[in-house]
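The values are calculated or read from the model by the stated rules, or taken from the named source; none is laboratory data. Please read all numbers here as calculations on a predicted model, not as lab measurements. Backbone-built Cβ (ideal geometry, glycine too); neighbour counts: all protein chains shown. What goes into the accessible areas is simple: the full protein's heavy atoms, side chains included, and nothing from ligands, DNA or RNA. Shrake-Rupley method; radii C 1.70, N 1.55, O 1.52, S 1.80 Å.
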Amino acid sequence: MPETITLTIEKFAPPGNGLGFYRGKAVFVPLTLPGDEVKVGVEKEKKSYIIGRLERVVRPGEKRREPSCSHYRECGGCDLLHLAYVDQVDLKRRMLNELLEHAGVTVNGPVTFRAAPGEGIGSRHRALFHYDRKLRFFGFRPRRRHQVVAIDSCRVLAPGLKTLLDGLNRRTNLPPATTGVYGLASSTGEFAAALVRGRKITSLDMIGETIFEDYGFGRIELTAAGFAQNNPGITGRLAADLVDSLPGPGKLAELYGGSGTFTLALAACDHQITVYESDRRAVARARRNLAAAGRKQQVRLLCARVEEVSFAAPFAAIVADPPRGGLPAPVRRKIIASPASHFLYVSCNPATLARDLAELQSGPEGFSRCSLAAYDMYPGTTHLEV
């Protein structure tokens, strides 16, 4: 196999990479689109497919446009800036439908799609800034490489993260073994940071670790060192849709509750909620957030792994927001066997969502109807919240 090959991209493949063929093998190439004739570097070759790296566009496809970021080819932060935003939305819609169809998932009605306001400019409120210890600057990692790309401007970073990044690159007193900084910004411009030193995450002097955000259901404390949603505007819309989808008054179970982002919204409907979360620090933060909002009495917070709990209690609905790996098989089976009539699933990975929905719909005890809404939480990328 030569180090560089030439091919024409024929279609998109989930989650949104270009797909072409070379000597009978499928070739997946990020940053390309159908109709592009491209020169591709071979990064990985398997028996039936090749992972490629775009070297040069020989002849652009009809919908290719000039990216709006000078760092696009080197930086690994965005995947779709070579498409107009309306085409990005169309692509994500088609990739989601393809995954659902392939998994055999039946959706009752069309998939609602919530696009990002302003085409996502300034929408990214959470980031990991990598540190180049030799050249002493912070930036982003390229795709599948270990170098750090210096960023002098970024269209998707929230103002608070831009301020944080500028400040980090002016610092001269970073602790030894620093490898990066987690940054988190609020919609009002506040920012927080957590220092990464190898596998340890610690505080960074003179910069707070937490911010406060309001998704429309009360103020909530979030930490840069833990999980937080990336896009406040989209998160608020998603939380409101969750509330609108709840069945009538009754008991709810929430799985993977985190710091209480969705718990606060669910509690606004005066339901009695039992929340399961395995991170003790997140549970403590959720307790503070609920107490500050006056919702502590109606929520029972349990520090427990979801895989180890039973859903035999008479819950009217179960709500889950799992990591990218989706719901483990034992959890899927327990949800199907539970008395709950409704299951509300927030997913950051359409591929594992499709897998899980296929099982949740199967058999006589499975859920009979399914409606979906998609949210462009990360404009400019192939990621999609559903």
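Sort segment 16-66 into rounded, prolate or oblate with this rule: let a ≥ b ≥ c be the square roots of the eigenvalues of the Cα gyration tensor; rounded if a/c is under 1.5, and if a/c is not under 1.5, prolate when a/b is larger than b/c, oblate otherwise. Spell out each step's value before the answer.
Numbers: a/c = 2.16, a/b = 1.91, b/c = 1.13.
Prolate, because a/c is 1.5 or more and a/b exceeds b/c.
Between Glu190 and Val86, how high is the FRET efficiency from 1/(1 + (r/R0)^6) when r is the Cβ-Cβ distance and R₀ = 41 Å? Nearest 0.05.
Working: r = 32 Å, r/R0 = 0.79.
Approximately 0.80, to the nearest 0.05.
Long-range amide H contacts for Phe113: which residues qualify at under 5 Å (H placed 1.01 Å from N, peptide plane, sequence gap of 5 or more or a different chain)?
Answer set, sorted by chain and number: Ala374.
Hey, in the GNM for the chain with a 10 angstrom Cα cutoff, which one of Asn173, Asn289, Asn17 fluctuates hardest?
Asn173
Evaluate the charge dipole of segment 281-386 about its Cα centre and quote only its size in Debye, nearest 20, assuming +1 on the Cβ of each Lys and Arg and -1 on the Cβ of each Asp and Glu. Don't jump to the answer; show the numbers that get you there.
Numbers: 14 positive and 8 negative charges, 123 e Å.
Roughly 600 debye for segment 281-386.
When only C-alpha pairs under 8 Å and at least 6 residues apart count, what is the relative contact order of segment 9-54, in percent?
34 percent
At 1.4 Å probe size, with the rest of the protein present, what percent of the exposed accessible area of the chain is carbon and sulfur atoms? Don't skip to the answer; put the middle values down first.
Values: 9280 of 18470 Å².
Result for the chain: 50 percent of the exposed heavy-atom area is carbon or sulfur.
Please enumerate, by chain and number, the lysines with C-alpha under 22 Å from the C-alpha of Lys134, excluding those fewer than 8 residues away in the same chain.
Partners found: Lys200.
Taking the mean number of other Cβ atoms within 10 Å as a proxy for protection, how do you rank 56-64, 160-168 from highest to lowest?
Values: 56-64: 14.1, 160-168: 19.1.
Result, highest mean first: 160-168, 56-64.
Could you tally the net charge around Arg65, taking each other residue with its Cβ under 13 Å from the Cβ of Arg65, Lys/Arg +1 and Asp/Glu -1? Can you show the working numbers first?
Values: positive: Lys63, Arg64; negative: Asp36, Glu62, Glu66, Asp87, Glu119.
Local net charge: -3.
Quick check for you: with a 1.4 Å probe and neighbouring chains kept, what is the accessible area per residue of segment 283-350, in Å²? Walk me through the intermediate numbers first.
Values: 3120 Å² over 68 residues.
With all protein chains present, segment 283-350 gives 46 Å² per residue.
Using Cα pairs closer than 8 Å and at least 6 residues apart in sequence, work out the relative contact order for the chain, in percent. Don't jump to the answer; show the numbers that get you there.
Details: 792 pairs, mean separation 53.0, N = 386.
14 percent.
Counting only heavy atoms of the protein chains, get the accessible area per residue of segment 134-265 (1.4 Å probe) and round it to a whole Å² value. Can you show the working numbers first?
Details: 6210 Å² over 132 residues.
Computed with neighbouring chains in place, this is 47 Å² per residue.
With a 1.4 Å probe and all protein chains left in place, how much accessible area per residue does segment 14-129 have, in Å²? Write down the numbers at each step before the final one.
Working: 5830 Å² over 116 residues.
Accessible area per residue: 50 Å².
Please report, in whole Å³, the volume per residue of the convex hull around the C-alpha atoms of the chain.
Details: hull volume 58.8 nm³, N = 386.
Taking the convex hull of the Cα positions in the chain, it is 152 Å³ per residue.
For the chain, modelled as a GNM with alpha-carbon contacts under 10 angstrom, which of Val111, Val86, Val319 fluctuates the most?
Val86
Taking 27 Å as the cut-off for C-alpha to C-alpha distance, list the pairs among Lys39/Lys162; Lys39/Lys63; Lys11/Lys47; Lys39/Lys92 that go past it. Don't skip to the answer; put the middle values down first.
On the way: Lys39/Lys162 34 Å; Lys39/Lys63 18 Å; Lys11/Lys47 21 Å; Lys39/Lys92 25 Å.
Long pairs (Cα-Cα over 27 Å): Lys39/Lys162.
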